[in-house]
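Working notes, beginning with the structure itself.
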Amino acid sequence: MTSSSADHEVANGQLRRKKKHVEIRGLNENCNHDLKNLFKGAAVVASIKPGPLAEFYAVLVAKGMRPEMARLTLARKIATIVLIVWKRGVCFDAHHLKPQTA
């Protein structure tokens, strides 16, 4: 666990630790669990069925990423594609499907 100077406060001339607040990582508590499960399920199916998404998954695994993390990355990629198609009204183009640079 890391700490910083922001974890402390001065009260009555004494330095003391602040009360911890719970920090939620990733999705917030108001997330749509059904939609999250839908994207995770789509990633499982897409990683098995032949096609550009399965190739994307295979490249991640070949680079040494754990299969469950590669499926999570694929689920996030699918969610991003759905958002782009919905917001911009464009068609899906597999040529734009690139592996993560990180």
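Where a number appears in this text, it was derived from the coordinates with a stated rule and is not lab data. These numbers were taken from a predicted model, which means no experiment stands behind them. Virtual Cβ from ideal backbone geometry, glycine too; neighbours counted across all protein chains shown.
Extension gain, Ala54 to Leu72, is 5.2 nm, computed as 0.36 nm per intervening residue step minus the present C-alpha separation.
Among the trypsin sites (Lys or Arg not before Pro) in the stretch 33-70, those placed in a DSSP loop whose Cβ has at most 16 other Cβ atoms within 10 Å are Lys63. Estimated at 0.36 nm per residue, the fully extended path between Asn37 and Arg16 surpasses their Cα-Cα distance by 3.3 nm.
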